[in-house]
Structure formats: C-alpha cells, structure tokens
Amino acid sequence: MSYSGTDFSPFGLIGRTKVRSTKTMTWQDAINNESLRLKQAGILDENINAEYLVMHVLGIWKRSELRDHLQKNVLREQELFFKKLVARRLLHEPLQHIIGETEFYGLRLFTSSAALIPRPDTEILVEESLKEVSRFPPKQLQILDVGTGSGAIALALASKITDASILGIDVSPDAIALAERNKKRLKLQNVSFEVVDVFGTSVENKFTNSIDLLVSNPPYISAKEFKTLDAEVRDFDPRIALTDEADGFIFYRRIAELAPKILKDDGKILVEVGYDGAQEVEKIFINSGFSILRVVKDLQGIERVIVVKKNHESR
C-alpha cells in the first residue's frame, strides 16, 4: 500500500514536536501490549490491527515505514491517543471506521458510517467487469453502478477505464457525499455520482437504452439474517446498505425489471451475491429473459459474482 499526497492524519504531527517521552516504552512494546488486549477481546488479526492504529497515530500508511519507528520511544501524547483508538477497537468498532480509510483495488478510500466498508470480495466484481469491458467493441462505454455507497466500484473502474463514462447512484445523500470525497482525493474525471432512488419511477426515463454495463453490490442480507450478523457489521455499517428488509433479493428483482429498459442491446449486468444466494439470483434473471454467462467464485469457493447478458427479446 502507498500513501499519495500529503493528506496525513493531523496526529502524525505529534511525532515532530518536542514532547517528553514515556520512560522506556517503544512502539514495538506498545504494539505487543495492545495486541494482547485485542486478542483477549476476540479481535482477529490483533497484531495487524494494532499496527494500523499505530500507523494512524504516526500519520503513515506504508507498513515498511512502520519498521523505522518500532524502536523509537512513544511520546506521552501519542500513547494517550493510541490507547483511545484501541479502546474503540475493543468495542468492536471496525478498524476502517476508526482510521477513516481503507484500501480497495489499490485505491486509498475514505470510509465512514455513511456507507458499507468495501470488502476484498467485491474486487472480484471489479475484475469481472473489466473482463467484460474488454469484450465490447471500441467505444466510450456507459457504466452504471447501482448502490454505489463509498463509490469504491465506480472509482476502481474509472481508474482503469479512462475513456468510459461511469455514474454511481445511491439513495443516500451521505453516501454520495462520501463518494464525491473519494473522487476528489483520487482526482478522477470520468466518474460522477448522483442521488437516485433505483425504485423511483424516473429511472427508466433517465437511462433509457443508454447503459452498456450495469454493476451492483446491492443490499442482499435478508431481514432474518440481519439479526445474526456479527456485531462489528450489524452495529457499524449502515443498515440500508446491508439488508433489503425482506428476503435479500428485492434489489435483484428490481435490476432485472429495469435492465431491459435501460441497457443497450449488447448490455451486460454484473452483480455480487451473498452466501448461498447465487441460485435464486440466477432464477430471477433467467425468468426475466436474461442469459447467465458465468458465475464466479471467491477465494473461499463461494459463488460471489454473476455475469448476465441481455437477450434481444428481453424488452
């Protein structure tokens, strides 16, 4: 991972001031001590968590840079701030929310409670989308990201397909504001974001037969399953980004309903699906007259992404 620009945490400045150090504690000592506490609280990858919290205090992003600080003494102000961060993690607040950023498809993105934290599995959706883009004849593609959240998928695609026009839509103004913030950080010009309710009546008219590629990682947790989610997800990610408050398939049905009206004749759909949800999503699209091109598994062997083709008779 790499840090670009100078948008470092203000707390990184602490290390440049002349403040009295603690007696003998080094950053390695601090990581060791707090890793143990995190482990006892049931936090997985406790050492990595502690390291990233230290890096946030120091205002660095590369783990290689952390090595240069491990044997340095911890300043009192730094120690207090570090312990405050650890206290939040001990309450199972996600690491990405605490440090306010994450990495997705090689991009450094801001995160907040306004949108779902981008997950590594969603990078498969980006990879498969890029494969489909390469199969289109040369032209400026129109790509629509439904439920864009932080803008992760749209921004990842924009960073790789410079001649495409990409639009990310979401019903949440706060999510769109976060996506715009990420766009500004990455300085990408071929992507835009709008507050749009995909269940609204104006969507068909807005995008009539204009979209080459529709991508989406929609809320696919059922209302019943939501209650069983890990607290780290259930209590900190926005509920609206996790569940459709029904059976987990409402958004796929809506996409299948909209797609014949908004896709071009050679248009494609790529959607992420939840655990054990692929077969039902396939049925939804097949029953709506679409063809399933492929189903892609993640590293755990779970069917994670479905690629769908619009049939000419699907109108």
Of 109-115, 125-131, 288-294, ordering from highest average Cβ density within 10 Å down gives 109-115, 125-131, 288-294
The relative contact order of the range 106-213, taking Cα pairs under 8 Å that sit 6 or more residues apart, comes to a percentage of 29 percent
For the chain, whose charge dipole is built from +1 on Lys and Arg Cβ atoms and -1 on Asp and Glu Cβ atoms, the candidate among SER210, GLN279, VAL54 with its Cα farthest towards the positive end is VAL54
Taking a probe of 1.4 Å and leaving out DNA, RNA and ligands, the range 53-185 shows per residue an accessible area in Å² of 41 Å²
The set of residues whose placed amide H lies less than 5 Å from the amide H of ASN190, leaving out same-chain residues fewer than 5 positions away, is none
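What translational diffusion coefficient, in µm²/s and rounded to a whole number, does the Stokes-Einstein relation yield for the chain at 37 °C and a viscosity of 0.692 mPa s, taking the hydrodynamic radius as the Kirkwood radius over Cα pairs?
For the chosen part, D equals 156 µm²/s.
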Gyration tensor (Cα only) of the range 65-199 to equivalent ellipsoid, semi-axes in Å sorted down, yields 34, 18, 12
If every Lys and Arg gets +1 and every Asp and Glu gets -1 at its Cβ, then about the Cα centre the range 189-315 yields a dipole, in debye to the nearest 20, of 420 debye
A correct Karplus calculation of ³J(HN,Hα) over the range 232-240, with 6.51 cos²θ - 1.76 cosθ + 1.60, θ = phi - 60°, whole Hz and x for Gly and Pro, returns 4, 8, 4, 8, 10, 7, x, 4, 5
If each part is reduced to its alpha-carbon centroid, the range 127-154 and the range 235-296 end up apart, in Å, by 16 Å
Per the range 33-121, sqrt(5λ) over the Cα gyration tensor eigenvalues, sorted largest first, in Å, gives 21, 16, 12
Largest fluctuation, PRO218, PRO138, PRO173 only, Gaussian network model of the chain with Cα springs under 10 angstrom, belongs to PRO138
Within the set ASP68, ASP121, ASP244, GNM on the chain using Cα springs under 10 Å gives the largest fluctuation to ASP68
One can check that the equivalent ellipsoid of the range 250-315, built from the alpha-carbon gyration tensor with semi-axes equal to the square roots of five times its eigenvalues, has lengths in Å, largest first, of 21, 12, 9
Expected vector for the range 294-308, Karplus 3J(HN,Hα) from phi with 6.51, -1.76, 1.60 and θ = phi - 60°, integer Hz, x for Gly and Pro, equals 6, 10, 10, 8, 8, 5, 8, x, 8, 5, 10, 10, 10, 10, 10
Note: probe point = Cα of LEU36 + 7 Å toward Cβ; backbone nitrogen < 16 Å; residues of the range 83-100 passing the test are none
In whole percent, the fraction of accessible protein surface over the chain that belongs to carbon or sulfur atoms, probe radius 1.4 Å, stands at 51 percent
Note: ARG234 to ARG63 extended length (0.36 nm per residue) minus current alpha-carbon separation gives 58.6 nm
For the chain the mean separation of alpha carbon contacts under 8 Å (6+ apart) over residue count, i.e. relative contact order in percent, is 13 percent
For the range 190-315, the per residue accessible area (1.4 Å probe, Å²) is 48 Å²
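If the only charges are +1 at each Lys and Arg Cβ and -1 at each Asp and Glu Cβ, what is the size of the charge dipole of the chain around the Cα centre, to the nearest 20 debye?
1040 debye
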For the range 107-112, in residue order, the Karplus 3J(HN,Hα) values (coefficients 6.51, -1.76, 1.60; θ = phi - 60°; whole Hz; Gly and Pro = x) are 9, 8, 10, 5, 10, 6
Of ARG108, ARG239, ARG37, the most mobile residue in a GNM of the chain (C-alpha springs, cutoff 10 Å) is ARG37
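The values are calculated or read from the model by the stated rules, or taken from the named source; none is laboratory data. All figures in this text were calculated on a predicted structure; none of them were measured in a lab. A quick note on method: Cβ atoms are made from the backbone with ideal geometry, for glycine too, and the neighbour counts reach across all protein chains shown. The area values use the complete protein model at the heavy-atom level, side chains included, leaving out ligands, DNA and RNA. Shrake-Rupley method; radii C 1.70, N 1.55, O 1.52, S 1.80 Å.
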